[in-house]
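Shown next, in C-alpha cells, is the structure this report addresses.
The values are calculated or read from the model by the stated rules, or taken from the named source; none is laboratory data. Nothing here was measured: the structure is a model prediction, and the numbers come from that model. Every residue, glycine as well, gets a Cβ built from its backbone with ideal geometry; the counts of neighbours run over all protein chains shown.
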Amino acid sequence: MVDVTNHELVPDHTVLDDEELEEVLQEYNIDKPDLPKIQRTDSALPKEAEVGDVIKITRDSRTTETAVVYRLVVK
Amino acid sequence: MSQHAPKEISEITFGLMDPEEYREMSATKVITADTYDDDGFPIDMGLMDPRLGVIDPGLECKTCGQHSGSCNGHFGHIELAAPVIHVGFSKLIRRLLRGTCRECSRLLLQDDEKQEFHERLKRARDLDEGLNDVTKAAVRQARKKDRCPHCGEPQFDVQHEKPTTYYEVQQVLSSEYPDRIASAMEPDEEDGQRISPTELAEETGIDAGRVQEILSGDFRPRQDDREAIESALDVDLTEEDMNKLMPSDIRDWFEAIPDQDLDVLGINPDRSRPEWMILTVLPVPPVTARPSITLDNGQRSEDDLTHKLVDIIRINQRFMENREAGAPQLIIEDLWELLQYHVTTFMDNEISGTPPARHRSGRPLKTLSQRLKGKEGRFRGSLSGKRVNFSARTVISPDPTLSLNEVGVPDRIASEMTQTMNVNERNLEDARRYVSNGPEEHPGANYVRRSDGRRLKVTEKNCEELAEKVESGWEVSRHLTDGDIVIFNRQPSLHRMSIMAHEVVVMPYKTFRLNTTVCPPYNADFDGDEMNMHALQNEEARAEARVLMRVQEQMLSPKEGRNIIGAIQDHITGTYLLTNKNPRFNETQALDLLRTTRIDELPESDGTEDGKAYWTGRTIFSELLPDDLNLEFTSNAGDNVVIEDGQLLEGTVDADAVGAFGGEIVDSIAKLYSKTRGRIFINEVSSLAVRTIMHFGFSISIDDESIPPEAQAQVDEAIEEANERVEELIDIYQQGELEPLPGRSVDETVEMKIMQALGQARDSAGEIAEEHFGDENPAVIMADSGARGSMLNLTQMTGCVGQQSVRGERINRGYEDRTLSHFAEGDLSADARGFVEHSYREGLDPKEFFFHAMGGREGLVDTAVRTSKSGYLQRRLINALTELEAQYDGTVRDTSDTIVQFEFGEDGTSPTKVSSDVTEPAVDVDQIADKVLDSEFDDTTEKQRFLGETREPTNLSEHADDWWLAQTDD
Ligand SMILES: [Mg+2]
Ligand SMILES: [Zn+2]
Ligand SMILES: [Zn+2]
C-alpha cells in the first residue's frame, strides 16, 4: 500500500493537543462541532488521529505561503 | 398599512398535529358538500360557511368580525367517517410498521441496542448532521428480528403498495397441501423409492391415522407438524398470504407505541404521536385560501381545493350512510378506498401510480402540494422571487455617445416610473414645476401625497391647480430624469455583473440605449435582446446602488480578478489602426480624433512634414493615459508595448492593452488609480477608437478573401497530395500491412493517420493563403488585433474548410458502412468521410455541405444541452452558497456559524484588488513600499493619495467629472 501522507501534494496533517485546541476554539469563538469535518477513514490523516480529535492542516498557498485549516475528525 | 412591531424568531419547531387540535382551532364543522343556496347565500356548515372567513368586500366575518382584507380566514374541519392515511407520511408509516411489534407495538430492539442508537442520535445532533441515517439503521436492525424480543410474538414482513396500502406478508399453509405432499412421496428419478404414509409417519413422529387425514385433506397440519413434513420430504407447503392492514388497524398499532421507543426513532413524542399520521379529522382551509371567482356570465367558479373538498364530503357521507345501513363489508371497503383516494389527491395530485383527480374539462386539479412545488409554486414563485412594481423591460440598442455608466431610457418609460420627492423649502420650486407639467409632459409628476397622507393622482386637468397647492411636507412622485440612478439587468443573471446600476439619460424612441463597452458583463448583443430596469424607491437603496453597483465599480470581475469592461470589436480595430503603424496626423485630423475626449489642446508636435506639424497615433493615444503610468507588456499582435510616464513609446494598442477581457492598460489604471479614472479611460478610448476607424474607414468583402490563381493552384495541389497520401494509407490498411500505433487497434491507427494527413493539408492550404494577405487585409487586422475572428477563420474562408467531425471522429454514420448512398461501402477516403476541401469563398459542394451541416448540428445540440445543464447546476450552487458570509473576523461561515473557510479564499485577499498576473506575486509588497517612499518626496496631495488618506468620491454623478479631475489633476 502506498502511504499517501508522504506524497508531495498531500499537505501536513497534525493532531492538535488540548492546549492548542483550546486556543483555536477561543480564537474563532466556536465549539468543536462548528469546525469543518474530516472522516476518520481519510487516508491523509496521521495514524494516531481518533474521532473527536482536531487536525491542523497546513497547505502551501501562492499568496500567503501557508494557509492553515482546522478540521474535526468524525466517524 | 398597520403593522405589528417586528419580533425576532428564536426557534421554529416542526411536529405533527393532534386531531384534537384541529377540532379546537376549527371555526366550524363542515358537514354538507353544498356551497351556496338558491339565493346565492353560503350554506351554514357548508364549504363556504361565513365562519371560515370572508372574501366579498363589505361582508363581515362571523368568527372574528373583521372585513375581508383584515380577516385572514379561519380553518374548519371534517370528521372523517373512517381513518385514512396521510400520503405525506407513507414512508414513515412503513418504517414504523416494520420496526415495531405487531402485538405489543414496542420497538423490536433489545435495551442495549436501543441505548446504542440513542447515543448515535445524540452524536448526530451535536454534529448538526441529518438524523435520517441513524433512524434508518435502527429500523433496518429492528426489521431483522423474527420474533419480538419483548413479548415473543412472531413478526411478519410489511409490504407497502404505493401510495397508501400496507400488507402483512405471512407464510401460511397452502390450500394445495395434500397434492404437494402426495407428489413429494412419489418416487423421484434418483433414488426411485416411493415413500409410504407409514414411513412418513415414522420419520415425522406424527400419528399414522393423522397422516392419512392430512393426505386426504381432512386435517390441516399445525405449524410444527407442517415443518416436520417439510423437512422429511424436502417440500414447501406454504404460500404467501397478503393480509391488508386497514388504516384503523395501523392507528391502533401506533397508539400503543411507547414514548421512549419513539425517541430512538428520532421522533419527539411530546410533539408528534405516530397515530396522528392517520387522519381522523381533516382540516378545511379557510375560504380565503380557496376563493371562488364570479365569471362574466354571473356563474360562480370554485377553486380546485373546494372541488376536492366537495368530493371528500360526498364520499364521507355515503360511507356513513352505508355503514349505518349495514352494507356488506366489500362495499364499505370500496368506499373506504375512495375516501382515501380523495384525501390523498387533496394533498398531492401528482403521485406516481395514482391517476390524478381531474376537473370536468379534463385538466388535472391543482391541490395543496401543487401550490407549493416547483418553479411557479409558493416557495420559488411567490416567496423567493416575485413580480415587482417600478420595473420596465424593452429591447436594447447601442449608443456610443453615452458613458458606460449611463443608460438611455425611453421617455414613455421615464414618465411611467417615478421617484419620490420629499418636498421642502429648497426643492419646492422644482416640485411645483414637475406637478404643473402634469403626467404626460416629460419631467412631470404622476401622484402627490399631501401632508395628511391623502394620495392624489396628477391629471392633465388638475395639474396647474395642484402645483400651486404643493408645499413642504408633501411627497411628489416625479418622473425619472437625467442623473437618477436605476438598476439594469439582463437574464440569465449568472454573475454579479449581470445586475448593475446606471445613471438615467431620458431619450426619445422605444429602446433602452447602452454603451457598447458594457455588452461583455451583461453578455448582451443587439439582435433583439431585451433588458429589465428597476427604479429605486428610497435614498438608502439609491446610495447603495451608486456606491456599490454602478457599472464602473463592477469594472473588475471578481471571477478572474481582471477587467471585464473595456474596448471591444471596432474599438480594438480602431486603436490598432491608430498605433500599429504609428501613422501621422495633421493638426485638424489630430484634434478631430480627440474631439469627444476632454483633451482640447494638442501636445507638442512630433515633427514637421512638408512644413506642417504632425502628431503620431501613439502620441495621440498617450493623451488619454495618466501622466505617471509605467507599463510594459506584449500585445496581441506580438510586439512589445512600452509606456513610460504616460507616453506610449512603442507597440500596438490592441485587445491585450485595452480589451474587455483583461486589457493590460485598463486593468492597471483601474487597480493603480481608481475606478473613476478607469471609466474615463474606457469612455475616451472607445470614442477615440470610433473616430479613428472612421478616419481610416474599415470594411470587409468577398474580394478580401480571394487569392491569386497561382496560389489557388498551390492550395489544390496540397489537397491533392493529401488525398493521395490518404489513398496510400487505405491501401496499406486494406492489405493488412499497417503497423498499429502503441495502444491502438489497426482501425484506430488508420483513422488517426488519415486525420493527421488531412489536418496537415488544411494547415498548409491555410499557410499558402496567408502568404498572400498583407497586413492591410481587414480580416488579418481583426485577427491580429484580437478584435474579432482568428487566422483559422480566414484560412477556412480562403484555403480549405477542413475535416468535419461528429463526436470527435470523422463522419462515419448514416447508411450501413457508408455515410451517403453516393459512396461505396467501406469507403474510407477523405471526401467520403466529411473532409471539405473547398473554402467558404469557393463554396461547398452538396456532399460537403451536408457533412458541414452534420458537424454544425452537433455544435448546436451541445450548446443547448450545456445551457440547460449548467443552469440547473448554477441553481444548486447558488442555493448551497447563498447563506455563506464573510465575517468581520475574516472567516467565512454559514448561518449556523459553522466555519467554511478560516480566512476568506485562504489568503483573505479580494481577487479584484490583487494582481491578475499569475506569474507575479498577488500582492507586491516591495512595489507598494517603493511607492510610499517615492511619495515622501512628492507634494502632500500625492502622498495622501498613496497613503489612502483621501477617500475616493464614489457617489459623484458624472456631471461632476470636471470638478473631480481638477481635484486629482493627473
Ligand atoms: Mg442576442
Ligand atoms: Zn375572520
Ligand atoms: Zn411484542
| request: Considering every residue within the stretch B:170-185, establish whether at least one is more than 16 Å from ligand 1 (Cβ to nearest atom), under 30 Å from B:T345 (Cβ atoms), among the β-branched types (V, I, T) and more than 14 Å from chain A (Cβ to nearest Cβ). | output: no
| remark: Expected output for the stretch A:24-53 (first residue surrounded by 12 or more Cβ atoms within 10 Å (Cβ to Cβ), partner assigned to a loop (DSSP other than H, G, I, E, B) and polar (S, T, N, Q), Cβ below 6 Å, 6+ apart or cross-chain) is A:D34/B:T898
| message | So, B:R102, is that one within 16 Å of ligand 3 (Cβ to nearest atom), assigned to a helix (DSSP H, G or I), surrounded by 17 or more Cβ atoms within 10 Å (Cβ to Cβ) and away from every other protein chain (no Cβ under 14 Å) or not? | response | no
| said: Anything in the stretch B:554-586 that is farther than 27 Å from B:N777 by Cα and in contact with a Ser or Thr (Cβ under 8 Å, 6 or more places away or on another chain)? List them, or say none. | reply: B:L556, B:S557, B:P558, B:E560, B:G561, B:R562, B:N563, B:I564, B:I565
| query | B:R542 passes all but one of (1) outside the structural domain of B:I669 (by TED's automatic domain parsing); (2) touching a Leu at 6+ places or on another chain (Cβ under 7 Å); (3) surrounded by 23 or more Cβ atoms within 10 Å (Cβ to Cβ); which number fails? | reply | (3)
| said: Can you go through A:D17, A:D31, A:D60 and tell me which one is touching a Ser or Thr at 6+ places or on another chain (Cβ under 7 Å) and of a type in the set (D, E, K, R)? | reply: A:D60
| message | Exactly one condition in (1) at pLDDT 85 or above; (2) surrounded by 20 or more Cβ atoms within 10 Å (Cβ to Cβ) is false for B:P778; which is it? | response | (2)
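Among the candidates B:L330, B:L309, B:L279, B:L262, which residue alone is over 37 Å from the mean Cα position of the chain (by Cα), closer than 21 Å to B:E21 by Cβ and part of a helix (DSSP H, G or I)?
Residue meeting the stated conditions: B:L262.
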| remark: Sole miss for B:R120 among (1) away from ligand 2 (no atom under 16 Å from the Cβ); (2) away from every other protein chain (no Cβ under 14 Å) is condition (2)
| request: Quickly run through the stretch B:902-928 and pick out the residues that are of a type in the set (S, T, N, Q) and more than 8 Å from chain A (Cβ to nearest Cβ). | output: B:S910, B:T912, B:S915, B:S916, B:T919, B:Q927
| field | Filter result (more than 11 Å from chain B (Cβ to nearest Cβ) and closer than 30 Å to B:S915 by Cα) within the stretch A:47-75 | value | A:T58
| request: Output the number of residues of the stretch B:764-817 satisfying the condition of being among the hydroxyl-bearing types (S, T, Y) and within 35 Å of the chain's Cα centre (by Cα). | output: 2
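Going by the conditions given, is B:P492 in a loop (DSSP other than H, G, I, E, B), over 27 Å from B:R677 (Cα atoms), touching a Gly at 6+ places or on another chain (Cβ under 8 Å) and not small (G, A, S)?
yes
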| For B:R478: the one exception among (1) in contact with a Pro (Cβ under 9 Å, 6 or more places away or on another chain); (2) assigned to a loop (DSSP other than H, G, I, E, B); (3) of a type in the set (K, R) | (2)
| field | Unique match (being of a type in the set (K, R) and more than 14 Å from chain A (Cβ to nearest Cβ)) among B:R893, B:R833 | value | B:R833
| remark: Scanning the stretch B:885-921 residue by residue, the ones that are among the hydrophobic types (A, V, I, L, M, F, W, C), over 20 Å from A:T58 (Cα atoms) and surrounded by 14 or more Cβ atoms within 10 Å (Cβ to Cβ) total 2
| query | Hey, among B:T579, B:T573, which residue is in contact with a Leu (Cβ under 9 Å, 6 or more places away or on another chain), away from ligand 3 (no atom under 16 Å from the Cβ) and not hydrophobic (A, V, I, L, M, F, W, C)? | reply | B:T579
| said: Can you pull out every residue in the stretch B:607-642 that is in contact with a Ser or Thr (Cβ under 8 Å, 6 or more places away or on another chain) and farther than 20 Å from B:Q589 by Cα? | reply: B:L629, B:L631, B:S635, B:N636, B:A637, B:D639, B:N640, B:V641
| Which listed residue is within 20 Å of B:V715 (Cα to Cα) and touching a His at 6+ places or on another chain (Cβ under 9 Å), from B:E837, B:E842, B:E848 | B:E848
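Go through B:L52, B:L107, B:L96 for me and flag whichever is within 16 Å of ligand 3 (Cβ to nearest atom), surrounded by 16 or more Cβ atoms within 10 Å (Cβ to Cβ), over 15 Å from B:W276 (Cβ atoms) and at pLDDT 85 or above.
Exactly one of B:L52, B:L107, B:L96 is within 16 Å of ligand 3 (Cβ to nearest atom), surrounded by 16 or more Cβ atoms within 10 Å (Cβ to Cβ), over 15 Å from B:W276 (Cβ atoms) and at pLDDT 85 or above, namely B:L107.
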| query | When the residues of the stretch B:1-45 are filtered to those that are within 16 Å of ligand 2 (Cβ to nearest atom) and within 41 Å of the chain's Cα centre (by Cα), which remaining residue is nearest to the other protein chains (Cβ to nearest Cβ)? | reply | B:M25
| Does A:V15 fit the bill of being in contact (Cβ under 8 Å) with a residue 40 or more places away in the chain and surrounded by 15 or more Cβ atoms within 10 Å (Cβ to Cβ)? | yes
| message | Kindly evaluate B:G843 against the criterion of being modelled with pLDDT of 85 or more, surrounded by fewer than 18 Cβ atoms within 10 Å (Cβ to Cβ) and more than 38 Å from the chain's Cα centre (by Cα). | response | yes
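Output the residues belonging to the stretch A:30-46 that are more than 8 Å from chain B (Cβ to nearest Cβ) and either under 17 Å from A:P11 (Cβ atoms) or not acidic (D, E) (or both).
Scanning the stretch A:30-46 gives A:K32, A:I38, A:Q39, A:R40, A:T41, A:D42, A:S43, A:A44, A:L45, A:P46.
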| request: Pick out the one residue from B:E664, B:E739, B:E644, B:E720 that is modelled with pLDDT of 85 or more and not assigned by TED's automatic domain parsing to the domain that holds B:Q589. | output: B:E720
| task | Go over the candidates B:R323, B:R318 one by one and state the one that is touching a residue at least 24 places away in the same chain (Cβ under 8 Å), surrounded by fewer than 18 Cβ atoms within 10 Å (Cβ to Cβ), among the charged types (D, E, K, R) and within 26 Å of B:I31 (Cβ to Cβ). | result | B:R323
| message | Given the condition farther than 30 Å from B:I568 by Cβ, assigned by TED's automatic domain parsing to the domain that holds B:D716 and basic (K, R), answer yes or no: does some residue in the stretch B:812-823 qualify? | response | yes
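Test B:Q537 against the criterion of being surrounded by fewer than 18 Cβ atoms within 10 Å (Cβ to Cβ), free of Cβ contacts under 8 Å to residues at least 60 places away in the same chain, more than 16 Å from ligand 3 (Cβ to nearest atom) and of a type in the set (S, T, N, Q), and give yes or no.
no
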